[in-house]
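A.B. asks: My structure is below; once you've seen it, I'll send some questions.
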Amino acid sequence: MALKLTLKPGEKMIIGGAVVKNGDVKTELFVENKVPLLRQKDIMSENDAQTVAEKIYFTIQLMYIDQENLINHHNTYWNYVQEMTKAAHSTIALIDQISEKIVGNNYYQALKLSRKLMDYEKEIMSRV
């Protein structure tokens, strides 16, 4: 079964590592095979990754769309995980869930969980 996407005018997305930009009108797109896919709202640029949780999200995003460099991305991820758990021990349960998805090659699900990590980090920082 194909995945149906409706793209807004000018909306960007990543499909299998390629950045695609929609034209001036709303478009329907059907993806008929399994391929890494990220909509514009889910894409984070390296410059936007300022906090440790955001850097974790960005690194997982790279795992998902750039599997040729997976070993490097995994090493980077584990370095950020160490930094995060040292700074906020209370993140370990969520980090464990994210890591479980990564170890199982479920990068999109890991991305979704890392959004929760970013929200939690913001909550922690607002209390400091």
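The values are calculated or read from the model by the stated rules, or taken from the named source; none is laboratory data. Predicted, not measured: the structure shown is a model, and the values here were computed from it. A quick note on method: Cβ atoms are made from the backbone with ideal geometry, for glycine too, and the neighbour counts reach across all protein chains shown.
A.B. asks: Tell me which strands (runs of 3 or more DSSP E) are completely within the stretch 1-49 and hold 1 or more residues being of a type in the set (Phe, Trp, Tyr) and more than 18 Å from Gln61 (Cβ to Cβ), or say none if there are none.
C.D. replies: Ranges flagged: 27-31.
A.B. asks: Return the only residue of Asp119, Asp42, Asp48 being surrounded by 13 or more Cβ atoms within 10 Å (Cβ to Cβ) and not aromatic (Phe, Trp, Tyr).
C.D. replies: On the way: Asp119 fails: surrounded by 13 or more Cβ atoms within 10 Å (Cβ to Cβ); Asp48 fails: surrounded by 13 or more Cβ atoms within 10 Å (Cβ to Cβ).
One residue alone meets the criteria, Asp42.
A.B. asks: If you don't mind, there's one more thing I want to ask. Looking only at the stretch 90-123, count every residue that is farther than 20 Å from Ile14 by Cα and either in the same structural domain as Gly17 (by TED's automatic domain parsing) or among the hydroxyl-bearing types (Ser, Thr, Tyr) (or both) and tell me the total. Break it down stepwise before answering.
C.D. replies: Start the filter on the stretch 90-123 by keeping residues that are farther than 20 Å from Ile14 by Cα, which leaves 90-101, 103-104, 116-123.
Subset that is either in the same structural domain as Gly17 (by TED's automatic domain parsing) or among the hydroxyl-bearing types (Ser, Thr, Tyr) (or both): 90-91, 99, 120.
Counting residues in the stretch 90-123 that are farther than 20 Å from Ile14 by Cα and either in the same structural domain as Gly17 (by TED's automatic domain parsing) or among the hydroxyl-bearing types (Ser, Thr, Tyr) (or both) gives 4.
A.B. asks: Only one of (1) over 17 Å from the mean Cα position of the chain (by Cα); (2) loosely packed, with under 13 Cβ neighbours inside 10 Å is not met by Ile124, so which one is it?
C.D. replies: Tallying (1) over 17 Å from the mean Cα position of the chain (by Cα); (2) loosely packed, with under 13 Cβ neighbours inside 10 Å, Ile124 fails exactly one: (2).
A.B. asks: Could you grab me the full set of residues in the stretch 12-24 that are farther than 17 Å from Ile65 by Cβ and either hydroxyl-bearing (Ser, Thr, Tyr) or surrounded by 16 or more Cβ atoms within 10 Å (Cβ to Cβ) (or both)?
C.D. replies: Asn22 - this is the single residue of the stretch 12-24 that is farther than 17 Å from Ile65 by Cβ and either hydroxyl-bearing (Ser, Thr, Tyr) or surrounded by 16 or more Cβ atoms within 10 Å (Cβ to Cβ) (or both).
A.B. asks: Scan the stretch 1-33 for residues that are among the basic types (Lys, Arg) and touching a Pro at 6+ places or on another chain (Cβ under 9 Å) and jot them down. Can you show your working first?
C.D. replies: Filtering the stretch 1-33 for residues among the basic types (Lys, Arg) gives 4, 8, 12, 21, 26.
Result: Lys26, single match.
A.B. asks: Against the conditions (1) of a type outside the set (S, T, N, Q); (2) modelled with pLDDT of 95 or more; (3) touching a helix residue (DSSP H, G or I) at 6+ places or on another chain (Cβ under 6 Å), where does His74 fall short? Just the number, please.
C.D. replies: Just one mismatch for His74, condition (3).
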